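Worksheet for the structure shown next.
The values are calculated or read from the model by the stated rules, or taken from the named source; none is laboratory data. Note that the coordinates shown come from a computational prediction; the quantities given were computed from them, not determined experimentally. Using ideal geometry, Cβ is built from the backbone for each residue, glycine included, and neighbour counts are taken over all protein chains shown.
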Amino acid sequence: MWVIVEYQPTTLFSLRPASATTGGGKTLVTPTPFALKMALLDAAIRVRKRERGEQWFEQIRDLAIAVRLPKHFAVVSTFSKIRKPLEIKEKKKEEGRIAKAKSEKKWPWDSSISFREFVQFGGAIQLAFEESGDVPLLELLAQINYLGKRGCFVQFTGRTEKTRSLPPEFTRLNPGQGAPFLADGFLQVLDDCGPKMEFEHADIYSGKGISLNEPNGRILTPVVLPYRAKQSSRGFVLFERI
């Protein structure tokens, strides 16, 4: 049984690919399975306490997830001014650099310019989760208020549906090997929970790190969304559902 919920974005969306090595750069256009599962785990801990979150973790980790984005969305590119820690590579010049930075009011934070991308959705986002075990999906999904980077807020609209089969307009975000895809679609590389990932790996206070492309960490999966570029200019690309 699939549980379908709807969210209305209230701000621009942004989420770096898991393989990104810099603070700026490209954004994904959809929440990833990993991000959605961590949002569910967070909701479970806030609503039902840590013990329940730990008990439900494996069921949440193995959830099948699908998405239906609005007919149109635009990826907007821009440059923004950011603050970052001042880096001093040469130790022998450290005192002089710090004194100079303090006089210029650039210590300990320096200013810089960074490339950023944001997604503006042309409507609501629908997400589908395949029910598993005793996790109260609807209760937890109603508690999610942002997807992607912190500050990418969404509003749960209250529109829900349960169906035995996944509607054809949805795209699976963790389809598995050999799944069919559109040859002229829009490729995204999304991260998901590995099959051996444990609650301690998701707990930032446990001391266990999360590896990339490891069974006990995050695994990367290519997913082709049924969208193509319709219009573009220097500052944006408009995508339309195929």
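The condition (being closer than 20 Å to residue 44 by Cα, surrounded by 19 or more Cβ atoms within 10 Å (Cβ to Cβ), at pLDDT below 95 and hydrophobic (A, V, I, L, M, F, W, C)) is satisfied by just one residue among 147, 140: 147.
Checking the condition surrounded by fewer than 12 Cβ atoms within 10 Å (Cβ to Cβ) and of a type in the set (Asp, Glu), which residue from 203, 184, 191 passes?
On inspection, the qualifying residue turns out to be 184.
Looking across segment 99-134, the residues that are aliphatic (A, V, I, L, M) and in contact with a Lys or Arg (Cβ under 9 Å, 6 or more places away or on another chain) come down to 113, 124, 125, 127, 128.
Scanning segment 77-91 for residues that are over 25 Å from the mean Cα position of the chain (by Cα) and either within 17 Å of residue 12 (Cβ to Cβ) or of a type in the set (A, V, I, L, M) (or both) turns up 86, 88. Taken over segment 164-214, the criterion of being among the β-branched types (Val, Ile, Thr) and at pLDDT 90 or above is satisfied by 171, 189.
Filtering segment 201-242 to residues that are in a strand (DSSP E or B), within 17 Å of the chain's Cα centre (by Cα) and β-branched (Val, Ile, Thr) leaves 219, 221, 223, 224. Pick from 86, 63, 15, 40: which is touching a helix residue (DSSP H, G or I) at 6+ places or on another chain (Cβ under 9 Å), of a type in the set (A, V, I, L, M, F, W, C) and without any contact (Cβ under 8 Å) to a residue 40 or more places away in the chain? Exactly one of 86, 63, 15, 40 is touching a helix residue (DSSP H, G or I) at 6+ places or on another chain (Cβ under 9 Å), of a type in the set (A, V, I, L, M, F, W, C) and without any contact (Cβ under 8 Å) to a residue 40 or more places away in the chain, namely 86. Annotation note: Cβ proximity below 9 Å between a residue of segment 167-188 that is free of Cβ contacts under 8 Å to residues at least 12 places away in the same chain and a residue that is not aliphatic (A, V, I, L, M) (sequence gap 6+ or interchain) occurs for 176/221; 179/172.
Which ones in segment 6-29 are crowded, with 19+ Cβ neighbours inside 10 Å and either farther than 21 Å from residue 227 by Cα or at pLDDT below 85 (or both)? Listed by number, the list holds a single entry, 18.
Step by step: first the residues of segment 121-134, then only those that are in contact with a Phe, Trp or Tyr (Cβ under 9 Å, 6 or more places away or on another chain) and modelled with pLDDT under 95, then the one that is nearest to residue 15 (Cα to Cα). Which residue is that?
Per the stated criteria, the residue is 131.
Of the residues screened, residue 94 is one that is among the acidic types (Asp, Glu), more than 23 Å from the chain's Cα centre (by Cα) and either closer than 30 Å to residue 233 by Cα or not in a loop (DSSP other than H, G, I, E, B) (or both). Is there any pair linking a residue in segment 229-241 that is at pLDDT 95 or above to one that is part of a strand (DSSP E or B) and basic (Lys, Arg), with Cβ under 7 Å and at least six apart or on different chains, and which? Note: pairs meeting the criteria are 238/230; 239/228; 239/230; 240/228; 240/230.
State which residue is farthest from residue 45 (Cα to Cα) when the search covers only segment 177-228 and only residues that are polar (S, T, N, Q) and touching a helix residue (DSSP H, G or I) at 6+ places or on another chain (Cβ under 9 Å). Taking the candidates together, the pick is 221. Just one of the listed residues (39, 44, 66) is at pLDDT 85 or above, surrounded by 12 or more Cβ atoms within 10 Å (Cβ to Cβ) and more than 23 Å from residue 223 (Cβ to Cβ), namely 44.
Only one entry of 84, 71 meets the criterion of being closer than 30 Å to residue 41 by Cβ and surrounded by fewer than 16 Cβ atoms within 10 Å (Cβ to Cβ), and that entry is 84.
For the residues 29, 67, 5, the requirement of being part of a loop (DSSP other than H, G, I, E, B) and closer than 26 Å to residue 160 by Cβ singles out 29.
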